[in-house]
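Scroll down for the structure; my scribbles are underneath it.
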Amino acid sequence: MFKGESLLYKKLFYYSALGRHSGNCWYPWLKNHIETKGYSCYVPTLPDVSNMSYDSWEKKFKSYAKNLNSESVVIAHSIGSIFLVHYLVKHKIKIQKFIGVVSFNRVNNRDVNKEWDKINETFFIDNLEDLKIYAKQRICFYSPTDIYDFNALEEFANKIDAKKVIIEKAGHFTAVSGYGEKFEEILKYID
């Protein structure tokens with residue numbers, strides 16, 4: 001029996017964002033933490049900004065989606081959050097828990113990069129609140145110092161009726177704001 005197979009009914013799935021390599025930021029640290037608990041954990045690397053769209057991510061993600069089930073816990077960061085919500089709703093996949101880290105579903109009011117906004121728009125959905133049907137529990141982490149408009153982050157959390165975890169000075173939860181290697185606050189919601 002492979003590690004975690006006795007816990008197939010309770011798989012943990014962790015998802016990276018922005019098409020970055022799965023070894024970025026706090027992703028490897030959290031993956032290691034999850035696996036030491038005996039759970040299966042997946043951290044896919046998705047197409048980067050040169051080939052980034054909902055369609056390109058959906059195609060690549062398909063091989064990982066077979067591991068999702070009604071006991072899965074999904075952790076998504078940045079544009080990965082709305083991608084995953086879009087994917088779950090479109091494919092009618094039910095999970096146990098969705099944890100979104102700086103999640104948004106509209107153009108960033110603070111952003112001056114209109115090309116980036118065009119890429120992000122391919123991920124957005126009109127029926128965001130439908131996640132309540134597909135995820136029993138919903139948690140959103142965000143910060144007033146994020147690069148994304150705080151109102152957009154709060155709007156996302158409100159629409160999915162999520163428990164809100166607001167962390168001052170956490171920025172976009174990347175190395176720049178002190179989240180390069182660890183993200184201790186998230187452990188309370190996955191252990």
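The values are calculated or read from the model by the stated rules, or taken from the named source; none is laboratory data. Keep in mind that what you see is a predicted model, and the values were worked out from it rather than measured. Cβ atoms come from the backbone with ideal geometry, glycine included; neighbour counts cover every protein chain shown.
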### Message
Restricting to the stretch 111-154, name every residue that is within 28 Å of Ala175 (Cα to Cα), more than 16 Å from the chain's Cα centre (by Cα) and charged (D, E, K, R).
### Response
Asp111, Lys114, Glu115, Asp117, Lys118, Glu121, Asp149
### Query
Restricting attention to the stretch 138-174, and to residues there that are of a type in the set (Val, Ile, Thr) and assigned to a loop (DSSP other than H, G, I, E, B), which single residue is surrounded by the fewest Cβ atoms within 10 Å (Cβ to Cβ)?
Thr145
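Could you check how many residues of the stretch 175-191 are more than 29 Å from Glu71 (Cβ to Cβ) and not in a helix (DSSP H, G or I)? First the steps, then the outcome.
Applying the first criterion (more than 29 Å from Glu71 (Cβ to Cβ)) to the stretch 175-191 yields 175-178, 180.
After this cut, where a residue has to be not in a helix (DSSP H, G or I) as well, the list is 178, 180.
Residues that pass the stated criteria total 2.
Each row is one residue, and each column tells you yes or no for (1) at pLDDT 50 or above; (2) under 18 Å from His77 (Cβ atoms).
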position	(1), (2)
Phe2	no, no
Leu18	no, yes
Gly23	yes, yes
Trp26	yes, yes
Leu30	yes, yes
Gly38	yes, no
Tyr42	yes, yes
Thr45	yes, yes
### Task
Only residues in the stretch 167-181 that are under 12 Å from Phe141 (Cβ atoms) count as the first member; pair them with residues that are of a type in the set (Asp, Glu), Cβ under 7 angstrom, at least 6 apart or cross-chain, and list the lot.
Ile167/Glu185; Gly171/Asp146; His172/Asp146
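Just to be sure, is Ser103 polar (S, T, N, Q), surrounded by 14 or more Cβ atoms within 10 Å (Cβ to Cβ), farther than 13 Å from Ala162 by Cβ and under 16 Å from the mean Cα position of the chain (by Cα)?
Values: polar (S, T, N, Q): yes; surrounded by 14 or more Cβ atoms within 10 Å (Cβ to Cβ): yes; farther than 13 Å from Ala162 by Cβ: no; under 16 Å from the mean Cα position of the chain (by Cα): yes.
No: the conditions fail for Ser103.
For the stretch 148-171, does any single residue satisfy the condition of being small (Gly, Ala, Ser) and more than 18 Å from Leu84 (Cβ to Cβ)?
At the first step, the residues of the stretch 148-171 found to be small (Gly, Ala, Ser) are 152, 157, 162, 170-171.
Right, trim to more than 18 Å from Leu84 (Cβ to Cβ) and you get 170-171.
Yes.
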### Query
Are there any pairs, at least 6 apart or on different chains, whose C-beta atoms fall under 9 Å, with the first in the stretch 39-64 and within 20 Å of Ile125 (Cα to Cα) and outside any loop (DSSP other than H, G, I, E, B) and the second modelled with pLDDT of 85 or more and basic (Lys, Arg), and if so, which?
Glu58/Lys90
### All positions within the stretch 65-94 that are under 24 Å from Phe183 (Cβ atoms) and assigned to a loop (DSSP other than H, G, I, E, B)
Asn67, Leu68, Glu71, Ser72, Ser78
### Message
Looking for something crowded, with 19+ Cβ neighbours inside 10 Å and of a type in the set (A, V, I, L, M) - is there at least one such residue anywhere in the stretch 62-72?
### Response
yes
